[in-house]
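Colleague: Below are the structure tokens for one structure; questions will follow.
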Amino acid sequence: MKAEGETLIINDLEFRLTCFACPEQYDVYSGGEQVGYVRLRGGCLTVDFRECGGKTLLEHTFEDDWKGCFDDDEERDHWLNRVAVVLLDALIRERGALA
């Protein structure tokens, strides 16, 4: 994946690439509703709930302080699958609280 605007579907979530490097970032949607914001910049991967600046659900610091994109598709798949699980858990908790 390299071009802005490309989309990945993981666990029924749509990851829309908004910037491909420095930072590599995604807006994440479920059924047309934004549920997350993912950014890899300065060696730190962050996942915010709903939008940029929302509750941070996941932070991971890589050894490379300059890392601004995933090294390859295998690394990207690993981390974005983990992100999908975290976002789906947050959605389930939110919907349960609203019931």
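Colleague: Can you give me the number of residues within the stretch 58-95 that are charged (D, E, K, R) and either touching a residue at least 40 places away in the same chain (Cβ under 8 Å) or closer than 23 Å to S30 by Cβ (or both)?
Modeller: Quick first cut of the stretch 58-95, residues charged (D, E, K, R) only: 59, 63-65, 67, 71-77, 82, 89, 93-95.
Now narrow it down to the ones that are either touching a residue at least 40 places away in the same chain (Cβ under 8 Å) or closer than 23 Å to S30 by Cβ (or both): 59, 73, 76-77, 82, 89, 93-95.
Total satisfying the criteria: 9.
Colleague: Restricting to the stretch 31-59, name every residue that is within 19 Å of R93 (Cβ to Cβ) and touching a Gly at 6+ places or on another chain (Cβ under 9 Å).
Modeller: Scanning the stretch 31-59 gives G36, Y37, V47, D48, F49, R50, E51, G54, L57.
Colleague: Within the bounds of the stretch 38-48, is there any residue that is on the phi < 0 side of the Ramachandran plot and among the small types (G, A, S)?
Modeller: Of all residues in the stretch 38-48, those on the phi < 0 side of the Ramachandran plot come to 38-41, 44-48.
If we keep only those that are among the small types (G, A, S) too, we end up with none.
No, the conditions are met nowhere in the stretch 38-48.
Colleague: Something else about it: What residue, of R39, R16, is among the basic types (K, R) and in contact with an Asp or Glu (Cβ under 6 Å, 6 or more places away or on another chain)?
Modeller: R16
Colleague: Here is a further query. Considering only residues of the stretch 31-44 that are surrounded by 16 or more Cβ atoms within 10 Å (Cβ to Cβ) and under 14 Å from I10 (Cα atoms), which is nearest to the chain's Cα centre (by Cα)?
Modeller: That would be V38.
Colleague: Of the residues E74, E24, which single one is touching a strand residue (DSSP E or B) at 6+ places or on another chain (Cβ under 6 Å) and over 20 Å from E94 (Cα atoms)? Can you show your working first?
Modeller: Numbers: E74 fails: touching a strand residue (DSSP E or B) at 6+ places or on another chain (Cβ under 6 Å).
From the options E74, E24, the qualifying one is E24.
Colleague: When you go through F20, F70, F15, F49 one by one, which is the residue that is surrounded by 15 or more Cβ atoms within 10 Å (Cβ to Cβ), modelled with pLDDT under 95 and under 13 Å from the mean Cα position of the chain (by Cα)? Step through it out loud before you land on a result.
Modeller: On the way: F70 fails: modelled with pLDDT under 95; F15 fails: modelled with pLDDT under 95; F49 fails: modelled with pLDDT under 95.
Within the list F20, F70, F15, F49, the selection yields F20.
Colleague: Moving on. Within the group D27, D64, D71, D77, which residue is closer than 17 Å to E6 by Cα, out of contact with any Cys (no Cβ under 6 Å at 6 or more places or on another chain), not in a strand (DSSP E or B) and not hydrophobic (A, V, I, L, M, F, W, C)?
Modeller: Details: D27 fails: not in a strand (DSSP E or B); D64 fails: closer than 17 Å to E6 by Cα; D71 fails: closer than 17 Å to E6 by Cα.
Exactly one of D27, D64, D71, D77 is closer than 17 Å to E6 by Cα, out of contact with any Cys (no Cβ under 6 Å at 6 or more places or on another chain), not in a strand (DSSP E or B) and not hydrophobic (A, V, I, L, M, F, W, C), namely D77.
Colleague: Let me ask something else. Among the residues of the stretch 87-99, which ones are loosely packed, with under 15 Cβ neighbours inside 10 Å and either touching a strand residue (DSSP E or B) at 6+ places or on another chain (Cβ under 9 Å) or under 15 Å from A21 (Cβ atoms) (or both)?
Modeller: Let us first name the residues in the stretch 87-99 that are loosely packed, with under 15 Cβ neighbours inside 10 Å, namely 89, 92-99.
Those that are loosely packed, with under 15 Cβ neighbours inside 10 Å and either touching a strand residue (DSSP E or B) at 6+ places or on another chain (Cβ under 9 Å) or under 15 Å from A21 (Cβ atoms) (or both): D89, E94.
The values are calculated or read from the model by the stated rules, or taken from the named source; none is laboratory data. Because the structure is a prediction, the values reported are computed rather than measured. Note that each Cβ is placed from the backbone with ideal geometry, even for glycine, and that neighbours are counted across all protein chains shown.
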